[in-house]
Amino acid sequence: MTALTHQPQPAPPYTAPGADPVAVIGLSCRFPGAAAPGAFWRNLVSAADSVGTAPPGRWEERVGPAPAEPRNPIRHGGFIEGIDEFDARFFGIVRREAEYMDPQQRLLLELSWQALEDAAVPAHSLRATRWGVYVGAGADDFRTQYFASGRLDRFGHMGSSRSLLAGRVSHHLGLRGPSEVVDTGQSSSLYALHRALASLRLGECDAALVAGVNLNLLPDVTDQVQLWGGLSADGRCRAFDERADGYVRAEGGGVVVLKPLEAAVRDGDHVYCVVRGSAANNDGGRTALGVPSPDAQREVIEAAHRAAGVTGASVGYVELHGTGTPVGDPVEAEALGEAIGRRRSRATPLLVGSVKSNIGHLESAAGIAGFIKACLVLHHGQLPPTLHHHRSPAELPLADLNLRVVGADQEERLGTDEVVGVSSFGMGGTNVHVVLAGSPARTDPSGRLGSRTPSERPTTDTVWCLSGRTREAARSLARAFLEHSFPTERYTVSDVAWSLAQRGEGEHRVAVVGGSWDEMRDGLLKIVAGHDLAIPADWLHEGGAERAAWVAVAGTYAAHGDLAKVADRLGTGRRKVPGLPTYPFERDTFHGPTPPHPVAPAPEPAPAAPEEARTRPLLDGWQQAADPSERLWLIRSFLERELLDVLGETGDEHLRVDPDSTFKDLGVDSMSLLELQDRLTAATAVELPESALFDHPTVNDLAAHLNTELEALRG
């Protein structure tokens, strides 16, 4: 009998099912040197290097002893400012909970809100909708710090959970679509985008927020990467350069809003660009774990091209993974040369570049950084230079591969029909490639996507509606608009008005009335100076009925709100304006748990005071008060103090509890209510059932109930 042997067969080519185009309609980011996409783009085109040294206080607390090696600790990195700052009250999160939240969760909440505002999608309109949230993340620095600190708190369980990076965004916005966090190493956020595209095409969600986030809190992690040999000695990513010696670690986050192109056209959304297709695979079976495979990278690029329905000849630019490592760069170049470079004319080599040369390697958020750069490239039609590239090494023959790194020596622009690729590779072998095309607005003859210029549309009077949680927030937003450089050649003041009318409505509101850019600027100056309503001076004398109606609707908005009336008066035919200033968060500082310092042994704690001694101050005061209203006031004051303490808000002497607001509206969750219940029972000796706090859901209601119970027990 002849022995049979199995001959492995290569996998069939991947073909994406029904790869309908998906529009990118909103962007937000906080990258090194840039707190918004506009600043990020300006840094890119001006060839700014945003890598520096660790800011004061960073990488100074370790969870373990310093390693014997390396002898020269790395201090370079791409850092963002204010990672310990957060506008908790804007999101209805109490201070104690915010203290025990991974700052990556806090950052994603703010970025998601900003991305929706950039897309002119009202956050309140998304409740119970089938929007998905997909986050690429891998860092657990906060969780490691939290457990090492010994300061465990019940809020820390969800606050340190990686799954809540997506779940908290879905919860806050009330979304009913899929919500997931993926970790494929350095390709995590581009893989999250690939997952979102698949869900959109399968009908699992109607639109999606896609994010990547990475914060470098611990020096221990950087030491580990240095021991592994991945870091550049002087902290620079030199993609495809003969001096490449590793990468520099960086941090930040980005969010994009995705919607099927057909739906984006229907809804009048601004389209930055269109995702034509994507693909993912793995390097499985390569020579060693952590060593990339040129065959797998070539295959994923070819698969993405098939999914997008394009060929290498139509690719004008590829945003590289481009870490600047001596091992990874030649592999990526070879794959690109085989998949694209050698399949196109020698007269037009494939242009490539890497955002890591500007901001460093954001690791799990690197893919979203490259993707946002590609979106802006297509939006502006310009290719920013790649920094730190002078000459490729002999083992990386770019000319033979028909590749060329975009340099600063001449301005490079994309052709109208050229597409852009984005690559991201994880050290576990997960490779992702995405193909993007320009917005169809440039060639849409119907004008539905905003191909008409402002000169083709009459300039009309209008109103800009700005609001915030506080009066100062509304003023700050007006100040940001005053400093903003508007694309006046493409949009009108009415387009801006329409975009603002799609935002949420804060408690404090201001309005600017006018019909020209100069009038709106003058009005913003008045708002910044302290007015709530700004009207051009000549309108008061020669305005006419039409202008009087605009003043009336603006005044009603500033005094009472109701954006719907403003939107009705604005009518149709307006366009959503991208890149407008977003909400100016009023951030407080939250110092999370840090590893403990060695201290002398603490003295033995004193014996706990008997329960009667702890409860006596409230009970003694209550019994000594003859006036029933004074008794009720004592209980209400005690309730307010205990509630603030449970929520971790006792440090703010100006903070007061609204006694008529429900516990839910005050941000009190069920576990906080149980803790409050235990405190009240200990302080009053009244056995409160759990249902009591739900049956009496405000401070005033609960105080009245407690007073009645004490009357019955103690008279």
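The values are calculated or read from the model by the stated rules, or taken from the named source; none is laboratory data. Please read these numbers as outputs of a predicted model, since none were measured by experiment. Because the Cβ atoms are built from the backbone with ideal geometry, glycine has one as well, and the counts that use them run over all protein chains shown. Accessible surface is based on the protein model in full, side chains and every heavy atom, while ligands, DNA and RNA are left aside. Shrake-Rupley method; radii C 1.70, N 1.55, O 1.52, S 1.80 Å.
Gain in length, HIS390 to THR470, computed as 0.36 nm per residue apart minus the alpha-carbon separation, to one decimal in nm? Let's see the in-between values first.
Details: separation 80, 0.36 × 80 = 28.80 nm, distance 5.08 nm.
Difference between extended and current length: 23.7 nm.
Given a Förster radius of 60 Å and the C-beta distance between ARG176 and ALA288 as r, what FRET efficiency does 1/(1 + (r/R0)^6) yield to the nearest 0.05?
0.85
Rounded to a whole number, what is D in µm²/s for region 291-333 from Stokes-Einstein with the Kirkwood radius over alpha-carbon pairs (25 °C, 0.890 mPa s)?
It comes out at roughly 215 µm²/s.
Going through region 92-151, which trypsin sites (Lys or Arg not before Pro) have at most 11 other Cβ atoms within 10 Å and a DSSP loop state? Don't skip to the end; give the middle numbers.
On the way: sites: ARG95, ARG96, ARG106, ARG127, ARG130, ARG143, ARG151; in loops: ARG127, ARG130, ARG151.
Within region 92-151, the qualifying trypsin sites (Lys or Arg not before Pro) (loop, at most 11 other Cβ atoms within 10 Å) are ARG127.
Can you check what the Kirkwood hydrodynamic radius comes to for region 140-231, Cα pairs only, in Å to one decimal?
Values: mean 1/r = 0.0651 Å⁻¹.
About 15.4 Å for region 140-231.
Modelled label-to-label distance, SER661 and LEU540, 7 Å Cα→beta-carbon offset: nm?
3.7
Find how much the distance from ARG346 to SER629 grows on full extension, using 0.36 nm per residue of separation minus their present alpha carbon separation; answer in nm with one decimal. Walk me through the numbers on the way to the answer.
On the way: separation 283, 0.36 × 283 = 101.88 nm, distance 8.97 nm.
Going from the current span to full extension adds 92.9 nm.
Classify region 364-441 from the C-alpha gyration tensor, please: rounded if a/c falls under 1.5, else prolate or oblate depending on whether a/b exceeds b/c.
Cα axes put region 364-441 in the oblate bin.
Among VAL315, VAL300, GLY360, whose Cα projects farthest towards the positive end of the dipole of the chain, with charges put on the beta-carbon of Lys, Arg (+1) and Asp, Glu (-1)?
Working it through, the farthest residue towards the positive pole turns out to be VAL315.
So how tilted is helix 517-528 from the main axis of the chain? Cα-based, degrees 0 to 90, rounded to 10.
The angle comes out near 40 degrees.
Before I look further, what does the chain give for accessible area per residue, probe 1.4 Å, in whole square angstrom?
Numbers: 30980 Å² over 715 residues.
Here the residues of the chain average 43 Å² of exposed surface.
With everything on Cα atoms, drop me the angle between helix 471-483 and the longest principal axis of the chain, reported from 0 to 90° to the nearest 10.
20
Of the trypsin sites (Lys or Arg not before Pro) in region 329-373, which ones lie in a loop per DSSP and count no more than 12 other C-beta atoms within 10 Å?
Here the trypsin sites (Lys or Arg not before Pro) that fit, given the DSSP loop and packing criteria, are ARG346.
In debye to the nearest 20, how big a dipole does the chain give about its Cα centre with +1 on each Lys and Arg Cβ and -1 on each Asp and Glu Cβ?
About 2080 debye.
Please state the Cα pair-distance histogram of region 641-686 with 10 angstrom bins from zero: what percent is in each bin?
Values per bin, smallest distances first: 25, 55, 20, 0.
Among rounded, prolate and oblate, which fits region 668-712 when a ≥ b ≥ c are the square roots of the eigenvalues of its C-alpha gyration tensor, a/c under 1.5 means rounded, and a/b larger than b/c means prolate?
oblate
What angle do you read, to the nearest 10 degrees and between 0 and 90, between the alpha-carbon axis of helix 366-380 and the longest principal axis of the chain?
70
Can you tell me which of 562-571, 296-305 comes out highest on packing, and rank the rest after it, using the mean Cβ neighbours within 10 Å?
Peptide ranking by packing, descending: 296-305, 562-571.
Compute the label zone of ASP267 within region 464-500: residues whose backbone N is under 18 Å from the point 7 Å along Cα-to-Cβ.
498-500
Can you give the helix-only mean residue ellipticity at 222 nm for the chain, where every DSSP H stretch with n ≥ 4 adds -39500 (n - 2.57) and the sum goes over all residues, rounded to the nearest 500 deg cm²/dmol?
The helix-only estimate for the chain comes to -11000 deg cm²/dmol at 222 nm.
Please pull out the direction-averaged projected area of region 153-309, using the convex hull of its alpha-carbon atoms, in nm² to one decimal place.
13.2
Past the 21 angstrom mark, what percentage of all C-alpha to C-alpha distances in region 232-364 do you count?
53
Return the carbon/sulfur percentage of the accessible area of the chain, one whole number, probe 1.4 Å, all protein chains in place.
So the carbon and sulfur contribution to the accessible surface is 52 percent.
Expressed in nm², what is the orientationally averaged projection area of the convex hull enclosing the Cα positions of region 19-83?
Orientation-averaged projected area of the Cα hull: 8.2 nm².
Principal axis lengths of the chain from Cα atoms, whole Å, largest first?
That gives 96, 81, 58 Å along the principal axes, largest extent first.
Estimate the FRET efficiency between ALA408 and GLU242 by the formula 1/(1 + (r/R0)^6), using the beta-carbon distance for r and 22 Å for R0, to the nearest 0.05. Please report the intermediate quantities before stating the final value.
On the way: r = 18 Å, r/R0 = 0.80.
FRET efficiency, ALA408 to GLU242: 0.80.
Give me the extension gain from LYS565 to PHE147: residue separation times 0.36 nm, minus the current Cα-Cα distance, reported in nm with one decimal. List each step's numbers first, then the result.
Values: separation 418, 0.36 × 418 = 150.48 nm, distance 5.14 nm.
145.3 nm is the gain from fully extending LYS565 to PHE147.
Report the charge-dipole magnitude of region 109-256 in Debye, nearest 20, computed about the Cα centre from +1 at each Lys and Arg Cβ and -1 at each Asp and Glu Cβ.
For this selection, approximately 520 debye.
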